[in-house]
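Here is the structure we will look at, set down as structure tokens.
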Amino acid sequence: MPTPDLVSLFVEPLNHLGVTYLVTGAVAAIVYGEPCLTNDIDFVVKLSDDDLLRLHDAFPQSEFYVPPVATMQVEANRPRNGHFNLIHTDSALKADMYPVGSDPLHHWALEHRHQIQISGVPMWIAPIEYVVLRKLQYLEISGQEKHRRDKQAMLFISDAQMDRAFLTREIERLRLEETWRTIEQD
């Protein structure tokens, strides 16, 4: 039996369901930056109540921890910061699901996502600007060095892809100027 991976466990079922999603977090940072190990995949998802029922049924409870539909509905209906996860019980690989809510950056990212292929599987990925902005936010909140390294690798490898004007506007809107300055000085 093949070793489970994040794409086959989580991306393929979302593609099959036709759910509107994008991949962000460490997996997106790897695409735009340098390889690293991760045991989770982060999704921003746009989910209707029908999507939630289908999502719940797509991940068999014999193989996955899946929250009750009511819990997913509460999280999907939060205007901001909704979150739930799906966990493959044998491997402990995890999908963090972040419903779009009213977050303008989530909405922008879904409108500007693009499709790539990973091992022959189509996957919708967040724009690099979104990934950099979220890494800046996580760095500011947590102080974890991994966010600084991810951001630096993305800038080094994928800077030419980035819309610097948009990034600058969003850094100001999100009040991340100080965090950005400290990283630019590295």
Return the residue satisfying two criteria in turn: it lies in the stretch 18-38 and is hydroxyl-bearing (S, T, Y) and modelled with pLDDT of 85 or more, and of such residues it is surrounded by the most Cβ atoms within 10 Å (Cβ to Cβ).
Y21
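Per-residue answers, yes or no, for (1) hydrophobic (A, V, I, L, M, F, W, C); (2) closer than 28 Å to Q144 by Cα; (3) part of a loop (DSSP other than H, G, I, E, B); (4) without any contact (Cβ under 8 Å) to a residue 60 or more places away in the chain:
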position: L9; (1), (2), (3), (4): yes, yes, no, no
position: E12; (1), (2), (3), (4): no, no, no, no
position: N15; (1), (2), (3), (4): no, no, no, no
position: Y21; (1), (2), (3), (4): no, yes, no, no
position: A26; (1), (2), (3), (4): yes, yes, no, no
position: A29; (1), (2), (3), (4): yes, yes, no, no
position: E34; (1), (2), (3), (4): no, yes, yes, no
position: D42; (1), (2), (3), (4): no, yes, no, yes
Within the stretch 88-104, can one find any residue that is out of contact with any Pro (no Cβ under 7 Å at 6 or more places or on another chain), of a type in the set (S, T, Y), closer than 30 Å to L136 by Cβ and modelled with pLDDT of 95 or more?
yes
Being free of Cβ contacts under 8 Å to residues at least 40 places away in the same chain and more than 17 Å from R173 (Cβ to Cβ) is the filter here; which residues of the stretch 112-131 pass it?
H114, Q115, Q117, G120
Take the stretch 148-160 and flag every residue that is surrounded by fewer than 16 Cβ atoms within 10 Å (Cβ to Cβ) and acidic (D, E).
D159
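Where residues in the stretch 161-186 are in a helix (DSSP H, G or I) and of a type in the set (S, T, N, Q), which of them is surrounded by the most Cβ atoms within 10 Å (Cβ to Cβ)?
The extreme case among them is T179.
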Of the residues R78, R134, which is crowded, with 22+ Cβ neighbours inside 10 Å, in contact (Cβ under 8 Å) with a residue 12 or more places away in the chain and not β-branched (V, I, T)?
R134
Using the structure shown, decide if E145 is charged (D, E, K, R), within 27 Å of D5 (Cβ to Cβ) and loosely packed, with under 11 Cβ neighbours inside 10 Å.
yes
L139 being closer than 25 Å to L6 by Cα, of a type in the set (A, V, I, L, M, F, W, C) and at pLDDT below 85
yes
Members of the stretch 129-160 found to be basic (K, R) and not in a helix (DSSP H, G or I), listed by number:
none
When every residue in the stretch 81-123 that is part of a loop (DSSP other than H, G, I, E, B) and touching a Lys or Arg at 6+ places or on another chain (Cβ under 7 Å) is compared, the one surrounded by the fewest Cβ atoms within 10 Å (Cβ to Cβ) is S102
Kindly indicate the residue of the stretch 44-58 that is not hydrophobic (A, V, I, L, M, F, W, C) and not in a strand (DSSP E or B) and also surrounded by the fewest Cβ atoms within 10 Å (Cβ to Cβ) among those meeting that condition.
D50
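The values are calculated or read from the model by the stated rules, or taken from the named source; none is laboratory data. Bear in mind the structure is a predicted one, so any value in this text is a computation, not a measurement. Cβ sites come from the backbone with ideal geometry, for glycine too, and all protein chains shown count toward neighbours.
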